[in-house]
Each structure stands twice: as C-alpha cells, then as structure tokens.
1. How high is the relative contact order of chain A? Use alpha-carbon pairs under 8 Å, at least six apart in sequence, and give a whole percent.
2. Projected onto the charge dipole of the protein assembly as shown (+1 at Lys/Arg Cβ, -1 at Asp/Glu Cβ, origin at the Cα centre), which of B:G54, A:N208, A:V4 gives the Cα projection farthest towards the positive end?
3. Compute the accessible area per residue over the stretch B:160-293, keeping the other protein chains in place, probe 1.4 Å, unit Å².
4. Could you tell me which residue out of A:L164, A:A115, A:G125 lies farthest along the dipole of the stretch A:110-168 toward its positive end? Charges go on the beta carbon: Lys and Arg +1, Asp and Glu -1, centred on the Cα centre.
5. With a 1.4 Å probe and all protein chains left in place, how much accessible area per residue does chain A have, in Å²?
6. Based on the Cα coordinates of the stretch A:41-198, what is the per residue volume of their convex hull in Å³?
7. Just going by the charge dipole of chain B, with Lys and Arg at +1 and Asp and Glu at -1 on Cβ, which of B:V160, B:G240, B:L42 is farthest out on the positive end?
8. So, counting K/R as plus one and D/E as minus one, what does the shell of residues with Cβ under 15 Å around B:G66 add up to?
Amino acid sequence: MAEVVLRHVSKSFGKTQVIYDMDLVVADGEFVVIVGPSGCGKSTVLRMIAGLEPVTGGVIEIGGRVVNDVEPKDRNIAMVFQNYALYPHMSVRENMAYGLRIRGMPKAEIAEHVARAAKILELEGLLDRKPRELSGGQRQRVAMGRAIVRDPAAFLFDEPLSNLDAKLRVQMRLEIQKLSRELGTTSLYVTHDQVEAMTLAHRMVVMNAGRVEQIGAPLDVYLRPASAFVAAFIGVPPMNLLAGRVGEGAFTLGNGLVVRLPAGAPRPPFGAEAILGVRPEHLAPVGEAEAALTLTVETIERLGADTLAHGTFDGNPMVVRLPAEATLQPGTRLALGLVPDEIHWFDPQTQKRLDLPGG
Amino acid sequence: MEKRVVFRSRWLPYALVAPQLAITTAFFFWPASQALFQSLLLQDPFGTSVQFVGLENFAHLFRDEGYLASFRITVVFSVLVAGIGLSFSLLLAVMADHIVRGALVFRTLLIWPYAVAPAIAGVLWIFLFSPAIGILPYWLAKIGIHWNHLLDSRQAMTLVVIAAVWKQVSYNFLFFLAGLQSIPRSLIEAAAIDGAGPMRRFWTIVFPLLSPTTFFLLVVNIVYAFFDTFGIIDSATQGGPGQSTTVLVYKVFQDGFKGLDLGSSAAQSVILMAIVIGLTVVQFRYIERKVQY
Ligand SMILES: Nc1ncnc2c1ncn2[C@@H]1O[C@H](COP(=O)(O)OP(=O)(O)OP(=O)(O)O)[C@@H](O)[C@H]1O
Ligand SMILES: [Mg+2]
C-alpha cells in the first residue's frame, strides 16, 4: 500500500497539450475517482501513473518514490482496463497467476493467492475457462481478480464498468465498493459516470479539458461546486444555470425576465454580471406571491421515485425535481421558490464559484 | 435467405465455369494425369519402346540411394528455409511494429524482394557470392573463410538457403506484421504492468497470439521450399556440387529432362504431388481449429 502523488504533472502529445499542471495526492488506502467528460485526459493521467505514457513535466511519486523513469513492471501497481485486456490464450487461472509467476512466487503460494482471489470474486467455478467462454460481467471479475491477486501498492481502474449493461454496472459498482473497503488498497478510478464517482469515491477529482476543476469529497463537490462546469457536470439532472445581472432584490436575465432573490440570500454586488445556479431539487412550488420565478412546463418525465418537469425560462432550459405524485401536465405554470442557502453564484468570466456572504 | 443463383438456361453455368476449367485442365489435370500415367511406364531415352511396369518406378525410387539423399537434402533445405525465414521475418516484423518514424520506408524496402523473380534472386546472390568476383567472398577471405560454393557443398547449401530465405522474407514479414498489429495494445500493456519485461512479453503473450499466423506461414514456407525454389537452385548451383543441393523438384527436372528417365521423373512428380496435397489438407484441417486460443 502506498500514497500516490502527482506534482505539477503535464502531458503533451507532440504539440497538443492534454494535461495541464495537475496536482493530486491520493493518500494511503484512499479511493479517489477521476471524473470528467470524454477526452478530458482521465485515461492519460492513469496511464502516466502506470508508466504506460511518459510524463512531459512534473513528478509522479508512488509510495514516496519518484517513478518518472521507472518501468511499469517495477511500479508495483495493478490496472484494470476498460476492455479488460485478459490474455485470450490463457485460462482464468493462468490470467490471474501470470503476474505472480513472473515475480517468481512458488507454485503452491500462487495457487493459494489465486484461490483466495477467486473466492472473493466468486470465480471458483470458472478457473479453467478461457476468457472467450465468459460473459462480460465474468470477464470484468477476472480482470479485477488479476489486479487483486498481486496485492499491489495501488489499483488503477480505467472505466472498468463501461462495457457492462446498466444492471450489471450497478451490481459491480457495489462489489467494487465492498472490495475496496475490505482490501483498503489505494485506488484511483477513472469514469465519466458521475453516479459511479459519487458512490465510490472518498474524494473525487473533476476534470475538464486537461485541467482539474475541483478535488473534494463527493458531497462537498455536490454541495459547493467550484465552477459552473462542475455544477453542470455533477448531479442528475444537472444544475440549472442562468446568466444575468444583479439588480435590487432580483436577478435580471439576458432577455429581461427576472428571478426574485429571497431575502437573506447571498448575492454579488448590485450591477454585477453573474451566473446563478440552482439544483432541480432545490426549486419547490410555492404560492404566486413568494415565487422567485414562474416556469411553463414543456416536458414531464415520471421516474417513479420523483418527477422531472422540464421547461425554458428566458431561453434557458430548466429542470425541476418534484415529488412523484405531482399533478401537472405540459403547459402547467409552476411558481417556484428559491431557498437562500441553496443558491450558487459563478463568475461569468472565470466560471469560478463566487463565495458570498448572505445579505 | 436463398443465396444460390438459379440459372434458367442449362448451358450458361457450364459456360461460365468453362474458362477456369479449361485452364485447370490444361495446366493441372492434363499434366497431372500424364505424370500419373507416365509414372507407371518405363520408356527408353529415345522414346522408341514403352513398357508398362506398374509401381516398379516407385519401388525403384525408394531403393535408389540418390533419391533418398535428395529427400534428406530437401528436408534439411526446407527446415532451414522455413526456420531461418520465419525467425528472421518475425524479427523484422517486431522491429517494424516498434518503428514509428520511417515505418513506411522500412516496410516498402522489405516488400521489394518479393517482386523479384526467383531466377533473378538466384543470379543476384551468385554475383554477391561469386568466388571470383563476388564482394562477400572477398570480405569473408579477410576473416579467414575461404568461400567457394562451387566446390564446398555446405557453402552451396548456405547460398541457396540465403537466396530462398531472402526471397520469401517479404511475404512472411507482411503476414507477421499484420498479425502483430492485430494484437491489442492493452494486452501488452497489461503484461507490462503485471511485471513482464519485453522478452517475457514477447514469448508469453505476443508469440502465442501469433501462432495461427506462424502455423499458416510454416506450411506456406515448407511448400515454398519444396516447390518454388527451383528457379533459385537452377540459377545458383544447378543442384551441385555433386548432388548436394539437388532438392526433389530439381531432381524431377534433372532426371526427366537431363537424364531422360521419364518414368522415374514422373514417379517423383507424383510423390511431390502427394506431399503438396498432404500439406494442403493439413493446412485446411488445422488452420481453422487446432491453432487457436
Ligand atoms: N497517443 C495519443 N496521441 C495523441 N493524442 C492522444 C493520445 N492519447 C490521447 N490523446 C488525446 O488526449 C486527450 C485525452 O485523452 P484521454 O484518452 O486521456 O481521454 P479520456 O478522458 O480518457 O476520454 P474517454 O472518457 O473518452 O476515455 C484526447 O484529446 C485525446 O485525443
Ligand atoms: Mg479513457
């Protein structure tokens, strides 16, 4: 087990820079999830830590040792690939034993390790099969098995669940959570699925276009997104973002519609340009008199547990999360109120969060 | 869905396959049946008397020390050509797979020998190795090796093996390269993370995954060494010195056209035909099933 540290790490492929000055400390035993849209550089970060890509700048340390020039085989990490990368000509048993055999572990000990990993992952009945004789979920398990038998300093996961169907993904997510709790090995997990990120992470790293937008515990990121990007990326459905100008007790949007700001809500100074953010779950129907804004419902999605009402406000798409039994139909006018503590402000230039005192 | 084409006319389908049939008949079935027929006959060199001798030509061949020697030479030659050819091509393919810059030039250069006619390949190597004017014997002499493949049978064998390998390297190389490139990168990376160094990765991951390609090429190369090297041997050594590079195909030619022993030559052709049919069967039977992972 070990700590994984990235200091000012950058990466360019030829002239295109894909990672900019990344700093990250994954504490010993911590489970950190890197989340971000496709192409933001998540895999690249993981591959640099694994030693599959050289870093262009900065330093990577594993267990206190700088590994910039260390071969992948000497970094003592294990990686689970998106396509599993199981050796097709070897049985499940041989796949799991491969790394141990290379390290020269005695046969009996290898058998013991493999048996233990197989037991944890419920692979006992499949040990003599070839990868092509396994289902997607089973292959995924073997890939995990191959990682855990070696008892490495750290696990790296690159979207390990993205090839599975929705149901299996939920199941494996829970298993990974359980497994990581039991093993307590330092883990870095890459995904573009924010539910995976929210549920698995001790801390998560939100990336966008090669830059770290925010690092923090999932709930902190959800409650206090550091930028408009994070606000829109984390949370389903995403946070509603409205750009406009701060007025007297109100917020005027581009086309002239107004959001009435509740008394006591923090707000930028009078006349400032800003982005107002509010989560779908923090908009509640109220009487016309106290309404901050009135939304005309266009589409309704009934999810069973709750109901999503979509509409447009001053040209901006907006979503509201309502109780399951909410009676409404397209065309319904919803008078919605804001809660002072649940309003987020972002700078329209830097897109960064504005932390403002209540007023 | 019905995929077969149904012809309304009775003769059209026959007309369509006729050209192919004509070619196969003229250049394969006819000569093959002639050979089969001839192999059962004993004919004097001037064609004045013909006698039916049954399998006597075959029986005679297997008692003939010269023929058995040629068999051994062919086996040695094929093993060397296939073995060296495959190893060398694989090495080149592995290197080409790693090269990023200039890869196209490297590949194009490697494909050239395939476009050279066998006889020209033979002549090319004769010039290079010519004891009198060749550059290689000149260099070899400097390190104390006296080269004369016209006298030394081992050197003659070396020469034809080199020429035959050189000619076939391109073909092998292309298949190996395609095979290497079809191995997912992530497998190699997974092995690297599992702790395997480059050599280990090659022998435990890459090589086993290439085995279908290797097996296919092995058969192709044996067939090549058995049958397609006539031009090289004819231009380089004419089977000599002595009989030291007289492989089976060359012996067919020598006994038939030079020795005018048509019956024996035909019997040898029939044996070769049986070998190639055998190899083809092996190819078809096993390529799809046995050599898989
Ligand atoms: N070998 C390479 N050569 C050039 N550019 C590359 C290379 N590998 C990745 N990139 C670029 O780097 C950027 C980040 O790629 P990366 O694979 O890390 O994205 P990702 O966040 O993992 O995306 P995804 O979620 O789709 O897997 C992309 O713009 C990609 O085009
Ligand atoms: Mg990726």
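The values are calculated or read from the model by the stated rules, or taken from the named source; none is laboratory data. No experiment lies behind these values; they were computed from the predicted model shown. Glycine gets a Cβ as well: all are built from the backbone with ideal geometry, and neighbour counts include every protein chain shown. Calculation scope for accessible area: heavy atoms of the full protein, side chains included, ligands and nucleic acids excluded. Shrake-Rupley method; radii C 1.70, N 1.55, O 1.52, S 1.80 Å.
1. It comes to 16 percent, rounded to a whole number.
2. Of the candidates, B:G54 comes out farthest on the positive side.
3. About 40 Å² of surface per residue is accessible.
4. Going by the Cα projections, it comes out as A:G125.
5. Each residue of chain A exposes 44 Å² on average to a 1.4 Å probe.
6. Values: hull volume 19.3 nm³, N = 158.
So the per-residue Cα hull volume is 122 Å³.
7. B:V160
8. 0
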